[in-house]
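Each value in this text was obtained by applying a stated rule to the coordinates, not by laboratory testing. Computed from a prediction, not measured in an experiment: that's the story for all the values here. Heads up, the Cβs are rebuilt from the backbone with ideal geometry, glycines too, and the neighbour counts pull from every protein chain shown.
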Amino acid sequence: MPAGRRLSRLGFLDTNKCRVEAKCRSKRFAKKQQDTGSAYPLGSPCLSSRQREEWELSIVNDLTACLAGDRAERCQRFVDRVAEAASRPAAAVTAEVATFLAGDFVGGRQPAVERLAAIDPEAYGRTRNDLAGAVTRLSPWLRHGVLSLAEVRDAALARVREPAHAGKLISELGWRDYWQRVGAARPEAIWHELEEPAAQARGGSALRSVGAGLPADIASAQTGMACIDAFSRQLTETGWLHNHARMWLASWLVHVRHVPWQVGAAWFLEHLLDADPASNNFSWQWVAGTFSSKPYIFNRDNLERFTGGTFCSTCPELGHCDVEGGYEELSARLFASVGERTERLVIPPSLPWHADPPSGKPLVWLSLDALAATAPARQRHPDALAVCVLDADWLREERPAPKRLAFIADCLADIPGVEVWLGDAAAVLAKRAAAVGASHICVTATACPRVRKTAAALAETLPVVPIDWPPFCDASRVKDLGRFSRYWNKVSKSALQPTAC
């Protein structure tokens, strides 16, 4: 059914009618999901065309009014409306939002600027691997475009005497830039292996099927391993994990429990406040050994060194846990073979996304990568109508948890005059552009395949013009993204220079 017809059938601006019809269809869809037993759908192939249509029809709605009121009211109202479409239990939603509101992450520009002002690049370089180290915790604002990579880099350089003193922090920003470039070049690989696994599991241990989902003891933090259970609880309760904890948790899931990396990646995408498919999924592939020269493993000595022994000293598995022993011993126990790759993975960068702006009035599209009034497209056109659309595909594929939706609500409430819709992005944008007489759409440039797909669908009748972020680095010499080292070798010099005035 054409998008326009779907909207007409629902009554695009009749939000009461939408809500009633949405509730009925959401219940039917939830029942079908329950019947199939699929807890972590990994993209549209997991649903029939009929299920997909019912999902899309159920959630065309105007959420703008949800952003009024104080923080607690608007977060709860906004999340309730989105969670209803995603068929999440109301009681669980309320409890998770309350936990988020009591935490120390607040979406929006001012909290991001305050946290940025507190970074210590030199301390970060010395202690970043320790769970108690001086990490920045800026990732949720970076992921949603409230801060840019260039802005954080410039702040880091301003706090050190020599650029090299901020080198470790800036190289970590480089990883985010790298993952986005790989995602733009190979969007199909976000859910599919870039390379054959670098190691084969010992004993013919078969991976669980993707459809089997996440094992219940992991999801409920009842594995019996103190560290794994603590990381699982922190992820699901707060939406944030130290990068080292993410690597340990991912490694244990994939290499010890034989959980497909796609299942673990979907679990992280659901709960992390900084959830981004490219950064998240390619990191899981790096751990799994499907986008790296070898799989990532850790042992108890490594865990104790960077946690101060917090978990192991009281763990009931101490002395016989899954990660006891040296690395050679562990590797021999987990893998039948770990060989050198004989073929070099080459990933040519994608062409820059560019379109010349036509004359006329623009509409500003705020994607999930640009939820701030300071995002380039909004800054370029501060008086234009700004529209954010929470897309049906995004809700179905990533299943964002209430805490992440509450963080997004914080960010959106901080943008003056923004409209927020729940539905098909192309249809909503076309309708709103027509309503205000816009000749084209401006969007902050992003590598997100979903945004680019929507832009391509609109382009024939409604040009979409990307507006670039301030550059983090000069990537003109990058010809191969097959490994981070090849990319960083070409861009590190420029990434360590402040943005030109």
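Is segment 372-431 rounded, prolate or oblate when judged by the Cα gyration tensor, a ≥ b ≥ c being the square roots of its eigenvalues, rounded requiring a/c under 1.5 and prolate requiring a/b larger than b/c?
Values: a/c = 2.44, a/b = 1.33, b/c = 1.84.
Oblate.
Whole Å is fine, so just give me how far the alpha carbon centre of segment 318-348 lies from that of segment 409-488.
So the two Cα centres are separated by 39 Å.
What does the charge count near ASP70 come to, summing +1 for each Lys or Arg and -1 for each Asp or Glu among other residues with Cβ under 13 Å from its Cβ? All intermediate terms of the calculation are to be shown ahead of the outcome.
Numbers: positive: ARG71, ARG74, ARG77; negative: GLU73, ASP410.
Result for the neighbourhood of ASP70: +1.
Straight-line reach from LYS168: which aspartates and glutamates have Cα under 18 Å away, leaving out those fewer than 8 places along the same chain?
Excluding near neighbours in sequence, the set is ASP120, GLU122, ASP130, GLU151, ASP154, ASP177.
Would you kindly derive the ³J(HN,Hα) couplings of segment 390-396 from the backbone phi angles with the Karplus curve 6.51 cos²θ - 1.76 cosθ + 1.60 (θ = phi - 60°), listing them in order in whole Hz, with x for Gly and Pro?
7, 7, 4, 4, 4, 4, 6
Classify segment 297-395 as rounded, prolate or oblate, taking a ≥ b ≥ c as the square roots of the eigenvalues of its Cα gyration tensor: rounded when a/c is under 1.5, otherwise prolate if a/b is larger than b/c and oblate if not. Kindly include the intermediate steps, with their values, before the conclusion.
Numbers: a/c = 4.17, a/b = 2.17, b/c = 1.92.
Note, shape of segment 297-395 comes out prolate.
Quick check on the chain: of the DSSP beta bridges with both residues there, what percent are antiparallel, nearest 5%?
Numbers: 5 of 21 bridges.
Looking only at bridges with both residues in the chain, the antiparallel portion is about 25 percent.
Anything over 26 Å Cα to Cα? Flag those among LYS294/LYS490; LYS361/LYS479; LYS361/LYS403; LYS403/LYS493; LYS294/LYS453; LYS453/LYS490, in the order listed. All intermediate terms of the calculation are to be shown ahead of the outcome.
On the way: LYS294/LYS490 23 Å; LYS361/LYS479 37 Å; LYS361/LYS403 36 Å; LYS403/LYS493 38 Å; LYS294/LYS453 33 Å; LYS453/LYS490 29 Å.
Long pairs (Cα-Cα over 26 Å): LYS361/LYS479; LYS361/LYS403; LYS403/LYS493; LYS294/LYS453; LYS453/LYS490.
Please get the size of the charge dipole for the chain, origin at its Cα centre, with Cβ charges of +1 on Lys and Arg and -1 on Asp and Glu, quoted in debye to the nearest 20. Before the final figure, lay out each step's value.
Working: 60 positive and 56 negative charges, 182 e Å.
Computed charge dipole of the chain: roughly 880 debye.
Quote the charge dipole size of segment 189-338 about the Cα centre in Debye, to the nearest 20; the model charges only the Cβ of Lys and Arg (+1) and of Asp and Glu (-1). Intermediate results must be reported in sequence, preceding the final value.
On the way: 9 positive and 16 negative charges, 27 e Å.
Dipole about the Cα centre, nearest 20: 120 debye.
Can you pull a Stokes-Einstein diffusion coefficient for the chain at 20 °C (1.002 mPa s), Rh from Kirkwood over Cα pairs, as a whole number of µm²/s? Before the final figure, lay out the partial values.
On the way: Rh = 23.8 Å.
Estimated diffusion coefficient is 90 µm²/s.
Tell me the net charge near ASP274. Cut-off is 11 Å between Cβ atoms, ASP274 excluded, with +1 for each Lys or Arg and -1 for each Asp or Glu. Mind showing how you got there, number by number?
On the way: positive: ARG137, ARG143, ARG176, ARG246, ARG404; negative: ASP276.
Within the 11 Å Cβ shell, the charges total +4.
What 222 nm value per residue comes from the helices of the chain, counting each DSSP H run with n ≥ 4 as -39,500 (n - 2.57) and dividing by all residues, nearest 500 deg cm²/dmol? Intermediate values should be presented prior to the final figure.
On the way: 23 runs with 240 residues, N = 501.
After summing the helix terms and dividing by residue count, I get -14500 deg cm²/dmol.
Which loop-located trypsin sites (Lys or Arg not before Pro) does segment 119-179 contain, where loop means any DSSP state but H, G, I, E or B and the Cβ has at most 13 other Cβ atoms within 10 Å?
Values: sites: ARG126, ARG128, ARG137, ARG143, ARG153, ARG159, ARG161, LYS168, ARG176; in loops: ARG128, ARG137, ARG159, ARG161.
Answer in residue order: ARG161.
Have a look at segment 189-338 and give its Rg and Dmax from the Cα atoms, expressed in angstrom.
Rg and Dmax of segment 189-338, Cα atoms, are 14.5, 40 Å.
Normalised by the number of residues in the chain, what is the relative contact order in percent for Cα pairs under 8 Å and 6+ residues apart? Intermediate values should be presented prior to the final figure.
On the way: 793 pairs, mean separation 107.1, N = 501.
Averaging sequence separation for qualifying contacts and normalising by length gives 21 percent for the chain.
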